[in-house]
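**Student:** Here you go, one structure.
The values are calculated or read from the model by the stated rules, or taken from the named source; none is laboratory data. The structure presented is a predicted model; accordingly, all values stated were derived computationally and were not measured. Positions of Cβ are backbone-derived with ideal geometry, glycine not excepted, and every protein chain shown enters the neighbour counts. Note: areas computed on protein heavy atoms with side chains; ligands, DNA, RNA excluded. Shrake-Rupley method; radii C 1.70, N 1.55, O 1.52, S 1.80 Å.
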Amino acid sequence: MRIRLRDVSSLAGVSEATVSRVMNGKSGVSPQTHERVVRVLAELGYAPQALHSTPHAGSIGLIVPELDNPIFPKFVQAAEARLLASGYLCVLCCATRVGATEDDYLDSLVERRVAGVIVVSGRHADVRADHTIYDEITSRGIGLVTINGSMEASGVPSVSTDDRAATRTAYEHLHALGHERIGLLIGPRCYTPVLRKIAGFEEAAASAGVAVDDDLIAETIFTLDGGFTGAQRLYDAGVTGVVAASDMMALGAIRAARQRGLTVPDDVSVVGFDDTELMRFTDPPLTTVHQPVTRIVDYAVDVLLAQIQGQPFDRAERILPGELIVRATTTRCRTGRIAPIG
């Protein structure tokens, strides 16, 4: 793809002359402006040639659990752009359920002598897991930050979306539209973000004077198929509104509704969570909670660089608010409950 100066200058909020100076490695650009321009260039898939001849400060490992869910490539893109703009190369590690594990990658990153590691939705988020490997990382003087899920009393800095408040907002949105039977489509309860979403859901229901029956919370996995299967159970329970823990699960819930001959949003309203780029173009466009990925990554990198540079940093978890984006998969409730099949 051809990169035009005017496109970069518009996105970075600077002049074309400034963009040209950055691309050609010229002086006279403030560090903040230089970082902003490089970040835009990286997001457009272009690394200035001047950067190739500049020594990098080091490498940073970035561990994600998968790339099938588009929220994780979004984290990767934001992290790579920010790290490149800060003079670091990003080493991407995908710890899927089949293949190399998070432990394998952490061991490899230590051998590579990376300056720091960012872990997104990893073992740290599992309340049942053994977290001692993170102690081994920090004991070697390697910077570490976790995203979406924290380890209490570990001293490892972390940053997360406010899952609790966001789920409460999603529930309140559906309740304001007249939905009384609202279900939660969620992942395994061993994960901190899941527990926080359940807490927010139950708080919102209690405020609305609605009792949360066991059949209003469907525990499944964070995939299209998981959303499809879990939503079937919710529809059997008569829900007319679904709060899903991810956009992928929400799309599975829409598919399950259509298989029953139901329409979204006329018969069932669905709210997702993540707000990845394609959700604006689904049919219908998905109402969802926007994860502030860029802000999360910016904070994570700031804290990581502070560790690497021996500067003070905040070890407490930083919670950033999500934002409900109302599109076309939610509307006023037109029926008391969905009739079960059979």
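**Student:** Got a sec? Which of Arg97, Arg82, Arg128, Arg123 is within 17 Å of Gly187 (Cβ to Cβ), in contact (Cβ under 8 Å) with a residue 60 or more places away in the chain and of a type in the set (Lys, Arg)?
**Tutor:** Working: Arg97 fails: in contact (Cβ under 8 Å) with a residue 60 or more places away in the chain; Arg82 fails: within 17 Å of Gly187 (Cβ to Cβ); Arg123 fails: in contact (Cβ under 8 Å) with a residue 60 or more places away in the chain.
Selected residue: Arg128, the only one of Arg97, Arg82, Arg128, Arg123 that is within 17 Å of Gly187 (Cβ to Cβ), in contact (Cβ under 8 Å) with a residue 60 or more places away in the chain and of a type in the set (Lys, Arg).
**Student:** Would you mind listing the strands (runs of 3 or more DSSP E) fully within segment 153-235 where at least 2 residues are in contact (Cβ under 8 Å) with a residue 40 or more places away in the chain and within 22 Å of Arg334 (Cβ to Cβ)? Let's see the steps before the verdict.
**Tutor:** Working: elements: 158-161, 182-186, 217-219.
It comes to 182-186.
**Student:** Quick one: Asp247 ticks every box in (1) in contact with a strand residue (DSSP E or B) (Cβ under 8 Å, 6 or more places away or on another chain); (2) open to solvent by 10 Å² or more (accessible area, probe 1.4 Å); (3) acidic (Asp, Glu); (4) under 22 Å from Val119 (Cα atoms) except a single one, so which number is it?
**Tutor:** The number of the failed condition is (2).
**Student:** I'd like to check something: does segment 139-152 contain any residue that is without any contact (Cβ under 8 Å) to a residue 40 or more places away in the chain, crowded, with 21+ Cβ neighbours inside 10 Å and in a helix (DSSP H, G or I)?
**Tutor:** Scanning segment 139-152 turns up no residue that is without any contact (Cβ under 8 Å) to a residue 40 or more places away in the chain, crowded, with 21+ Cβ neighbours inside 10 Å and in a helix (DSSP H, G or I).
**Student:** Right, next: I need the full set of residues from segment 13-42 which are within 16 Å of Ser86 (Cα to Cα), in a helix (DSSP H, G or I) and open to solvent by less than 40 Å² (accessible area, probe 1.4 Å), in order please. Even if it seems obvious, please write down each step before you answer.
**Tutor:** Within segment 13-42, the subset within 16 Å of Ser86 (Cα to Cα) is 22-23, 25, 29-42.
Adding the requirement that they be in a helix (DSSP H, G or I) leaves 22-23, 31-42.
Those that are within 16 Å of Ser86 (Cα to Cα), in a helix (DSSP H, G or I) and open to solvent by less than 40 Å² (accessible area, probe 1.4 Å): Val22, Met23, Thr33, Val37, Val38, Arg39, Val40, Leu41, Ala42.
**Student:** Please count how many residues of segment 94-127 are touching a Ser or Thr at 6+ places or on another chain (Cβ under 9 Å) and surrounded by fewer than 18 Cβ atoms within 10 Å (Cβ to Cβ).
**Tutor:** 5
**Student:** Looking only at segment 161-191, count how many residues are aromatic (Phe, Trp, Tyr) and open to solvent by 30 Å² or more (accessible area, probe 1.4 Å). First the steps, then the outcome.
**Tutor:** So in segment 161-191, the residues aromatic (Phe, Trp, Tyr) come out as 171, 191.
Next, only the ones that are open to solvent by 30 Å² or more (accessible area, probe 1.4 Å) stay: 191.
Of the residues in that region, 1 qualify.
So that you can scan it fast, the table gives a plain yes or no per residue for (1) of a type in the set (Lys, Arg); (2) closer than 27 Å to Glu277 by Cβ; (3) modelled with pLDDT of 90 or more:
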| position | (1), (2), (3) |
| --- | --- |
| Glu80 | no, yes, yes |
| Tyr88 | no, yes, yes |
| Thr96 | no, yes, no |
| Asp103 | no, no, yes |
| Val120 | no, yes, yes |
| Ala125 | no, yes, yes |
| Asp135 | no, no, yes |
| Leu144 | no, no, yes |
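**Student:** I've got another one for you. Scan segment 247-257 and give yes if some residue there is over 19 Å from the mean Cα position of the chain (by Cα), part of a loop (DSSP other than H, G, I, E, B) and without any contact (Cβ under 8 Å) to a residue 40 or more places away in the chain, otherwise no.
**Tutor:** In the first step, residues of segment 247-257 are kept if they are over 19 Å from the mean Cα position of the chain (by Cα); the result is 253-257.
With part of a loop (DSSP other than H, G, I, E, B) added as a condition, the list becomes none.
No, there is no match, as no residue in segment 247-257 is over 19 Å from the mean Cα position of the chain (by Cα), part of a loop (DSSP other than H, G, I, E, B) and without any contact (Cβ under 8 Å) to a residue 40 or more places away in the chain.
**Student:** Also, quick follow-up: Take the residues in segment 208-233 that are small (Gly, Ala, Ser) and touching a helix residue (DSSP H, G or I) at 6+ places or on another chain (Cβ under 8 Å); name whichever of them is most open to solvent (accessible area, probe 1.4 Å). Walk me through how you get there before you give the answer.
**Tutor:** Let us first name the residues in segment 208-233 that are small (Gly, Ala, Ser), namely 208-209, 211, 218, 226-227, 230-231.
Then keep just the ones that are touching a helix residue (DSSP H, G or I) at 6+ places or on another chain (Cβ under 8 Å); that gives 208, 211, 218, 226-227, 230-231.
Working: Ala208: 37, Ala211: 72, Ala218: 2, Gly226: 4, Gly227: 0, Gly230: 0, Ala231: 0 Å².
Taking the candidates together, the pick is Ala211.
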